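Asker: This is the structure I want to talk about, given as structure tokens.
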Ligand SMILES: C[S@@+](CC[C@H](N)C(=O)[O-])C[C@H]1O[C@@H](n2cnc3c(N)ncnc32)[C@H](O)[C@@H]1O
């Protein structure tokens with residue numbers, strides 16, 4: 001699978017997919033290395049994931065957690081529901097969702113990076129989360145039937161796509177009527193300048209691809225989803241370059257709940 005994303009003219013697309021895959025291969029295999037962003041249990045605790053659920057999730061999945069916020073309070077997953085996790089990484093959120101939907105539910109984790117899929121699938125087998133499957137796919141082209149799922153969840157991923165409208169259209173397509181999109185993602189107060197958004201390394205670190213919040217919300221509404229709630233998350237980037245851009249452009253993490261009409 002090697003798909004070149006087309007829409008953005010501001011970043012070299014051939015470079016971008018490779019950089020994102022390289023970055024998250026490293027996140028899967030070497031979570032102890034220092035990145036632009038915080039990771040792991042400390043981050044999960046700080047953005048308010050409940051400890052009692054985290055304690056039931058394989059620690060290797062938590063070590064590679066590179067989300068940007070908490071949104072399960074918005075998602076309100078119920079026993080027996082079907083949830084799809086866009087950009088499931090090493091699997092922490094997919095396993096969290098699996099605990100919430102229970103053994104009668106189903107969680108489908110979608111990711112494009114082989115090493116993330118291999119790690120999450122191995123952890124699923126070892127921990128016995130039989131209600132979870134991981135599938136290799138792009139989040140812009142979901143291998144899932146229309147009107148078939150109760151919730152679409154995602155954490156720190158959609159900012160990485162240069163085809164965000166397509167991602168939200170796909171989420172809306174697979175959701176049942178009344179289904180929920182509950183996500184955490186990086187957005188900006190002010191549109192990023194091209195020296196930031198053309199930098200594929202900053203893009204792969206969840207900064208360069210961040211969209212201005214009103215434009216981001218508009219894409220969700222344009223897909224046919226009604227935004228019910230938006231909240232800011234206690235999330236901070238680590239590196240100096242990331243912190244500089246954060247101050248200049250109001251880069252921040254938000255959690256959003258939207259419902260399919
Ligand atoms: C920031 S990590 C977040 C992973 C996970 N949600 C977590 O919280 O740890 C981004 C993940 O999304 C995947 N990803 C990024 N862009 C993608 C795309 N267009 N299609 C599928 N997966 C993608 C990457 O491979 C990576 O595993």
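Since every read-out is calculated from the coordinates, none of them should be taken as a lab result. If you're wondering where the values come from, they're calculated on a predicted model, not measured in any experiment. Cβ sites come from the backbone with ideal geometry, for glycine too, and all protein chains shown count toward neighbours.
Asker: Relative contact order of the chain: what whole-number percent is it, with Cα pairs under 8 angstrom and at least 6 residues apart?
Answerer: Values: 563 pairs, mean separation 55.6, N = 261.
Answer for the chain is 21 percent.
Asker: Enter the mean projected area of the convex hull around the alpha-carbon atoms of the stretch 200-261, in nm², rounded to one decimal. Don't skip to the end; give the middle numbers.
Answerer: Numbers: hull surface 18.7 nm².
The number I arrive at for the stretch 200-261 is 4.7 nm².
Asker: If the elastic network links every pair of Cα atoms under 10 Å, which of 208, 178, 67 fluctuates the most in the Gaussian network model of the chain?
Answerer: Looking only at 208, 178, 67, the largest GNM fluctuation is found for 178.
Asker: How compact and how long is the stretch 110-259, expressed as Rg and Dmax of its alpha-carbon atoms in Å?
Answerer: Rg then Dmax for the stretch 110-259, in Å: 16.1, 46.
Asker: How many percent of Cα pairs in the chain exceed 35 Å?
Answerer: Values: 2074 of 33930 pairs.
Of the Cα pairs, 6 percent sit more than 35 Å apart.
Asker: How much of the calculated P(r) for the stretch 73-194 lies past 18 Å, in percent of all Cα pairs? List each step's numbers first, then the result.
Answerer: Numbers: 3610 of 7381 pairs.
That fraction is 49 percent.
Asker: Convex hull over the alpha-carbon atoms of the stretch 28-72: what's its volume per residue in Å³? Mind dumping the intermediate values first?
Answerer: Numbers: hull volume 3.2 nm³, N = 45.
Given the Cα convex hull of the stretch 28-72, per-residue volume reads 71 Å³.
Asker: Separate question: Go through 93-105, 240-252 and give me the packing order, highest mean Cβ count within 10 Å leading.
Answerer: Values: 93-105: 22.2, 240-252: 16.2.
Descending packing order for the listed peptides: 93-105, 240-252.
Asker: Rounded to two decimals, what is the ratio between the C-alpha radius of gyration of the stretch 127-206 and 2.2 N^0.38 Å? Kindly include the intermediate steps, with their values, before the conclusion.
Answerer: Numbers: Rg = 15.0 Å, N = 80, 2.2 N^0.38 = 11.6 Å.
Normalised by 2.2 N^0.38 Å, the Cα Rg of the stretch 127-206 equals 1.29.
Asker: Further, regarding this structure: Kindly state, as a whole number, the per residue volume in cubic angstrom of the convex hull around the alpha carbon atoms of the stretch 1-156.
Answerer: Working: hull volume 18.9 nm³, N = 156.
Expressed per residue, the convex hull around the Cα atoms of the stretch 1-156 is 121 Å³.
Asker: Nearest 500 deg cm²/dmol is fine: what mean residue ellipticity at 222 nm does the chain get from its DSSP H runs of n ≥ 4 alone, each adding -39,500 (n - 2.57), divided by its residue count?
Answerer: Working: 12 runs with 101 residues, N = 261.
Value at 222 nm, helices only: -10500 deg cm²/dmol.
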